[in-house]
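S.K.: Handing you this structure, nothing more for now.
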Amino acid sequence: MFHVIRFGIWLIGQVFTGALTVARDVVRRHTTMHPVVVAYPLRVTKGWQIAALSTCITMTPGTLSVGLRPDGDGSDGEGPEILLVQAVYGTDPSEVFADLADMEERMVPSVRGIDHGAPGQGTGEENR
């Protein structure tokens, strides 16, 4: 129960931080937005976990869960599901991956040791 409360407080902080960043950028003369869509390999596997993570991503200003697709390469059907995420501030896609991995770990700490090769997941440093 304490974990859920701690995650909720962290998520509220992320929502406020994201809202301030977007609001500040909207009133500037020159925007710093660089939209990008990334294919993030999920470490969570249960339907409710995927739905909760997708909802948390969409709640955070500047990010949007666009879709979900099976296995990244489509060859064996055994790989992780891929969550497509649009990030408004995607100058560095590796940072977007790392932020998604951080949110996933905060929501479900048991995924920390799983590495599907995305930055921020385990020791992964390469994009798939």
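The values are calculated or read from the model by the stated rules, or taken from the named source; none is laboratory data. Here the structure is a predicted model, which means the values were calculated and not measured. Neighbour counts run over all protein chains shown; Cβ positions are idealised from the backbone, glycine included. These accessible areas exclude ligands, DNA and RNA; they are computed on the full protein's heavy atoms, side chains included. Shrake-Rupley method; radii C 1.70, N 1.55, O 1.52, S 1.80 Å.
S.K.: Protein chains only, probe 1.4 Å: how do 64, 11, 20 rank by accessible area, largest first?
M.R.: Numbers: 64 80, 11 15, 20 120 Å².
Solvent-accessible surface, decreasing: 20, 64, 11.
S.K.: For the range 3-36, state which trypsin sites (Lys or Arg not before Pro) are in a DSSP loop and have at most 10 other beta carbons lying within 10 Å of their beta carbon. Let's see the in-between values first.
M.R.: Values: sites: 6, 24, 28, 29; in loops: 28, 29.
The qualifying sites are 28, 29.
S.K.: Just read off the accessible area of residue 17 with the full protein assembly in place, 1.4 Å probe, to the nearest 10 Å².
M.R.: 80
S.K.: Could you point to the label whose value was computed as volume of the Cα convex hull per residue in Å³ for the structure here, given (i) 175; (ii) 99; (iii) 162?
M.R.: (ii)
S.K.: Looking at the chain, which longest stretch skips every one of the GluC sites (Glu not before Pro) that is in a DSSP loop with at most 15 other Cβ atoms within 10 Å, leaving the sites themselves out? Display every interim value, and only then the final one.
M.R.: Values: sites that count: 78, 125, 126.
Longest stretch, sites excluded: 1-77.
S.K.: Given H placed 1.01 Å from N in the peptide plane, which residues other than close sequence neighbours of residue 89 have an amide H under 5 Å from its amide H?
M.R.: The answer is 34.
S.K.: Please calculate how many Å² of accessible area the chain carries per residue, with a 1.4 Å probe and no DNA, RNA or ligand atoms counted.
M.R.: Values: 7630 Å² over 128 residues.
Ligands and nucleic acids excluded, the result is 60 Å² per residue.
S.K.: Can you list the HN-Hα couplings for the range 102-117, worked out from phi with the Karplus curve (6.51, -1.76, 1.60; θ = phi - 60°), rounded to whole Hz and with x for Gly and Pro?
M.R.: In residue order, the calculated couplings are 5, 5, 4, 5, 5, 6, 10, x, 5, 8, 3, x, 8, 10, 9, x Hz.
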